[in-house]
Amino acid sequence: MFYFWLIAMQIAGVAVTAHDKRAARRGAWRVSERTLFVLSALGACPAVYLTMRVLHHKTRHKRFMIGLPLLFAAQCALAALLL
């Protein structure tokens, strides 16, 4: 069950980040930074970070380029403690 959750979160992370990039180019409604961080905290951190790097989206925002890897490291450390 946990793996299905992670797969679903990765898909959602890529979709939401790509949508935000398209919206930024068009000047349309944007996804809030809070939403991207919540998705990341729920397990989509690798997908959100990699999608941002590939699409060159929010790469100038230190909050994302430093915060997401730190969040992922914390999640990995927590997983190691629980296992």
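The values are calculated or read from the model by the stated rules, or taken from the named source; none is laboratory data. The model shown is predicted, which means the values in this text are computed figures rather than measured ones. No Cβ is skipped: glycine too gets one built from the backbone with ideal geometry, and neighbour counts run over all protein chains shown. Note: areas computed on protein heavy atoms with side chains; ligands, DNA, RNA excluded. Shrake-Rupley method; radii C 1.70, N 1.55, O 1.52, S 1.80 Å.
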Out of Met52, Met65, which single residue is part of a helix (DSSP H, G or I), more than 10 Å from the chain's Cα centre (by Cα) and of a type outside the set (S, T, N, Q)?
Met65
For the range 1-14, how many residues are open to solvent by 60 Å² or more (accessible area, probe 1.4 Å) and either closer than 16 Å to Leu70 by Cα or under 12 Å from the mean Cα position of the chain (by Cα) (or both)?
2
Quick check on this structure: which one of Thr35, Thr17 is touching a residue at least 40 places away in the same chain (Cβ under 8 Å) and either surrounded by 11 or more Cβ atoms within 10 Å (Cβ to Cβ) or touching a Phe, Trp or Tyr at 6+ places or on another chain (Cβ under 6 Å) (or both)?
Thr17
